[in-house]
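So the structure is just underneath, and the comments pick up after that.
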There are 2 protein chains.
Amino acid sequence: MSTYTISELNQVKRGPKRATYNVEQINDILDAGFVGYVSYNYNGKAICLPMAYGRIDNKLYLHGSLKNRMLLALIEAKEASMTIMHLDALVLARSGFHHSVNYRSATLFTSITVVENKEKKEAALKCVVDHMIPGRWDTLRPMNLKEFNSTLVIEMEIQTASAKVRDEGVLDEKNDLELPIWAGIIPLKQVAKLPVRDSLLPKQLRTPKHVVQYYKKNKT
Amino acid sequence: MSTYTISELNQVKRGPKRATYNVEQINDILDAGFVGYVSYNYNGKAICLPMAYGRIDNKLYLHGSLKNRMLLALIEAKEASMTIMHLDALVLARSGFHHSVNYRSATLFTSITVVENKEKKEAALKCVVDHMIPGRWDTLRPMNLKEFNSTLVIEMEIQTASAKVRDEGVLDEKNDLELPIWAGIIPLKQVAKLPVRDSLLPKQLRTPKHVVQYYKKNKT
């Protein structure tokens, strides 16, 4: 069970008991979603934007247009940071002070390189699509050269990371427990609704297995 | 119907047809969630962290510990940027290239000031809790002085902003429409599950109206 090295950069200072540097646990957080918030500097201002990603081992892949301002800034900086969080519950305490949320959050610090190699670039794009919905890539019309050449693919290799997880109930002051105030949690979850077919699909084309599986897995 | 001024900083370059600078539309995106990704610079590295916020007009409020590294960095920088996105659907095209997501995303550029005034600070904290779940604050045990003094409250006044919204079906190449490949969208939504009472609550204490209302509004 490997862990990321702790440094000034990634050490969790607030609520250190909720922190983890465990590689597998952080990978689980990454694999539970496909959109991360990537931070970059624009004229000295820190900005973050949501980006779809895929993961292969300790590397994440992003893609975008060749003119994407953020991707170009990341390439110049040669490094990036990405944060992803899953919101799991509202935590409603008896005092405002102890209100909180349950969540799983990870922040990564990565190097940045452009993926130029053809096979590697294709594997990266497959990984991004299949990270969104497993099994999709192999059912698609293959990429053509124009599409391939107009897509910028970036590899983020994780150098270090940290995560924070809150997964418990209300933590109130002892003195407040007798108060006639409702406390508890309201679980939250991102769910999938019934897939909606493109209106131009041939009527006889059935919903494929990977779409049905995605829906069944995520509908509740 | 007012709009934010467009500048180099907030102009949406990729997919400008999906961009909006409309104040009301951006406020709607802000009000549809309560966690935003706030970016800051730490030793020249851009990092973002999820933060709960509340909104009053063109001002957002954050709170945290007096020692919160990010909040202290924002106070020093006197400005910040925040991004919030709601993921609405997977968009599954016939080619990998046209895969996308439906979403509502806003990026704000704000000034930063510390809220010191007692009434204003209390109003800001009420607004953060009620933004999470409307009607909650007035049911709570009032804040005590120790809690109040150990909480840092930051006002972010929106200086400019932009948003991007994708809300449509699959946009495939004409040549691909005849292919026997399933295409369509899978809607996604963050829903609330049944509230879970704190085990220490007196049995006779009923679930209050604001919790029931939140659940009913968000359960599907």
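The values are calculated or read from the model by the stated rules, or taken from the named source; none is laboratory data. No experiment lies behind these values; they were computed from the predicted model shown. Neighbour counts are summed over all protein chains in view; Cβ atoms, including those assigned to glycine, are modelled from backbone coordinates with ideal geometry. Only protein heavy atoms, including side chains, enter the accessible area calculation; ligands, DNA and RNA are left aside. Shrake-Rupley method; radii C 1.70, N 1.55, O 1.52, S 1.80 Å.
Semi-axis lengths, largest first, of the ellipsoid equivalent to the protein assembly as shown are 37, 26, 21 Å, with √(5λ) applied to each eigenvalue of the Cα gyration tensor.
Quick one: of A:78/B:13; A:219/B:216; A:45/B:126, which pairs are farther than 28 Å apart, Cα to Cα? Write down the numbers at each step before the final one.
Values: A:78/B:13 22 Å; A:219/B:216 18 Å; A:45/B:126 30 Å.
Checking Cα-Cα distances, A:45/B:126 exceed 28 Å.
Taking a straight line from the alpha carbon of residue A:174, these lysines sit under 16 Å away, with near neighbours fewer than eight places off in the same chain left out: B:146.
Between chain A and chain B, roughly 7400 Å² of accessible surface gets buried, counting both sides and using a 1.4 Å probe. Phi angles of the range A:203-220 translate, via the Karplus equation with coefficients 6.51, -1.76, 1.60 and θ = phi - 60°, into HN-Hα couplings of 4, 6, 6, 8, 5, x, 4, 5, 6, 4, 5, 4, 4, 4, 6, 10, 6, 10 Hz per residue; Gly and Pro are given as x. For the range B:158-168, the Karplus equation 6.51 cos²θ - 1.76 cosθ + 1.60, evaluated at θ = phi - 60°, returns couplings of 5, 8, 7, 6, 8, 9, 9, 10, 10, 8, 7 Hz by residue, with Gly and Pro reported as x. Each Lys and Arg contributes +1 and each Asp and Glu -1, all at the Cβ; summed about the Cα centre of the range A:16-189, the dipole is approximately 540 debye. In order along the range B:125-142, the phi-based Karplus estimate (6.51 cos²θ - 1.76 cosθ + 1.60, θ = phi - 60°) of 3J(HN,Hα) comes to 5, 4, 5, 5, 5, 6, 6, 5, 8, x, x, 6, 3, 5, 8, 8, 5, x Hz; Gly and Pro are listed as x. Looking at this model, which pairs from A:164/B:189; A:121/B:17; A:164/B:120 are more than 26 angstrom apart at the alpha-carbon? Beyond 26 Å between Cα atoms: A:121/B:17; A:164/B:120. Could you check which residue among A:14, A:104, A:69 shows the biggest mean-square fluctuation in a GNM of chain A with a 10 Å Cα cutoff? Looking only at A:14, A:104, A:69, the largest GNM fluctuation is found for A:14.
Under a Gaussian network description of chain B, with springs only between Cα atoms under 10 Å, the residue in B:207, B:83, B:110 that fluctuates furthest is B:207. With label points defined 7 Å past Cα in the direction of Cβ, position residue B:159 shows copy-to-copy spacings of 2.9 nm, given to one decimal and shortest first.
Computed over chain B, relative contact order equals 25 percent, with contacts defined as Cα pairs under 8 Å that lie 6+ residues apart.
Give me the 1.4 Å probe accessible area per residue for the range B:16-189, excluding ligands and nucleic acids, in Å².
Normalised by residue count, the accessible surface of the range B:16-189 is 42 Å².
Give me the dipole magnitude in Debye, nearest 20, for the range B:111-180 about the Cα centre, with unit charges on the beta carbon: positive for Lys and Arg, negative for Asp and Glu. Display every interim value, and only then the final one.
Details: 10 positive and 14 negative charges, 137 e Å.
Using only the charged Cβ atoms, the result is roughly 660 debye.
Qualifying GluC sites (Glu not before Pro) in the range A:94-146, where qualification requires a DSSP coil assignment and no more than 15 other C-beta atoms within 10 Å, comprise A:116. When the inverse distances between all different Cα atoms of the range B:130-220 are averaged and flipped, the Kirkwood radius reads 19.2 angstrom. Peptide B:146-159 has a mean of 1 when you count, residue by residue, the C-beta atoms of other protein chains within 10 Å of its C-beta. The apolar share of the surface of the protein assembly as shown, taken as the fraction of accessible area on carbon and sulfur atoms (1.4 Å probe, ligands and nucleic acids excluded), comes to 52 percent.
Out of B:128, B:21, A:32, whose Cα points farthest toward the positive end of the dipole of the protein assembly as shown (charges: +1 Lys, Arg; -1 Asp, Glu; placed on Cβ)? Of the listed residues, the answer is A:32.
Taken residue by residue and averaged, Cβ atoms of other chains lying within 10 Å of the Cβ of B:84-90 number 4.
Of all alpha-carbon pairs in the range B:16-189, indicate the percentage at a distance above 20 angstrom.
Numbers: 8962 of 15051 pairs.
Distances greater than 20 Å cover 60 percent of the Cα pairs.
Sorted shortest first, the distances from the residue A:174 label point to those of the same residue in the other copies are 7.6 nm; each point sits 7 Å from Cα along Cα-to-Cβ.
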